[in-house]
Amino acid sequence: MTLEEYILDHSDREPEQLAKLNRDVNLRLLYPRMCSGHLQGRILTMLTAMIAPRNALELGTYAGYSALCIAEGLPEGGHLDTVEIDDEMEEFIRARLSESPYGEKVSLHIGDSALVLPTLGKLYDMVYMDANKRTYCEIYEAVLPMVRPGGFILADNTLWDGKVTDPSANHDPQTLGICRFNDLVAADPRVNRVMLPLRDGLTLIRVKP
């Protein structure tokens, strides 16, 4: 048994609908590694339940797996806005939302986050960032004023396969974007932060009251 298998055996089971979604991703979509998967999905559900956001926001829906994990953890009356730039994913995402008991808690917005965010008109308690790594800094600056004091931003992929610490491999635009973001957050006096070595890196950011 691997360490990952041991961890999964001692964590909450992956809901069957999400396991089916994960299978569909691996069979039908490019880049299936982008799907959050069992462990990260359960962590997202747990963190959401701990934060108990009335309004949550996700940037980068992909197949809808993480959106449904967040929706599962929302309190009664809580709602998630999720933004996906790839309009070719819309049919796939909406079908999976409709199959889930938590799908009614999710509003899908198709478009560039730079254009969608100004239209939302909400103050959020929690934001999950999993969009274009090249523009993580710009997304962060755009979304920070939309998070209430004491609210949270969860930023995914902040270790980027370890490339962030490898000078021979950190020259591509996505890695450079992650490195700039990590440095920006580390020096930002407006927030507290902790980076977790979970999967591909997850940074928890709390906006100071």
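Only the coordinates and a few stated rules stand behind these numbers; no lab work does. What you are looking at is a predicted structure, and each value in this text was computed from that prediction instead of being measured. Don't worry about glycine lacking a Cβ; one is built from the backbone with ideal geometry, like all the others, and counts go over all protein chains shown.
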Under 5 Å between amide hydrogens, which residues at least 5 positions from Tyr124 or on another chain qualify, with H placed 1.01 Å from N in the peptide plane? Val147, Arg148
Point-to-point label distance, Asp172-Glu91, nm (Cα→Cβ direction, 7 Å offset): 2.9
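Would you calculate a helix-derived [θ] at 222 nm for the chain, using -39,500 (n - 2.57) for each DSSP H run of n ≥ 4 and dividing by the full residue count, to the nearest 500?
-12000 deg cm²/dmol
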For the stretch 1-55: rounded, prolate or oblate by the Cα gyration tensor [a/c cutoff 1.5]: oblate
Step through the residues of the stretch 98-106 one at a time and calculate ³J(HN,Hα) from phi using the Karplus curve (6.51 cos²θ - 1.76 cosθ + 1.60, θ = phi - 60°), rounding each to whole Hz and writing x for Gly and Pro. 5, 7, 9, x, 9, x, 6, 8, 10
Taking the convex hull of Cα positions in the chain, its mean projected area over all directions (nm²): 11.9
For the stretch 118-128, Karplus-derived ³J(HN,Hα) couplings (6.51, -1.76, 1.60; θ = phi - 60°; whole Hz; x for glycine and proline) come out as x, 8, 6, x, 10, 9, 9, 8, 8, 10, 10
Long-range amide H contacts for Glu58: which residues qualify at under 5 Å (H placed 1.01 Å from N, peptide plane, sequence gap of 5 or more or a different chain)? Asp81, Thr82, Val83, Tyr128
Computed over the chain: relative contact order in percent, which uses C-alpha pairs under 8 Å that are six or more apart: 16
Count of lysine pairs, the chain, Cα-Cα under 20 Å, sep. 8 or more residues or interchain, comes to 4
Using the basic label-point model (7 angstrom from Cα toward the beta carbon), what is the Glu138 to Lys20 distance in nanometres? 3.9
Under the rule a/c < 1.5 gives rounded, and otherwise a/b versus b/c splits prolate from oblate, where does the stretch 12-130 land using the Cα gyration tensor? oblate
³J(HN,Hα) across the stretch 48-59 via Karplus (A = 6.51, B = -1.76, C = 1.60, θ = phi - 60°), whole Hz, x for Gly/Pro? 4, 5, 5, 6, 6, x, 6, 10, 10, 9, 10, 10
Starting from the amide H of Leu202, placed 1.01 Å from N in the peptide plane, find each other amide H under 5 Å away whose residue is 5 or more places distant or on another chain. Thr158, Leu196
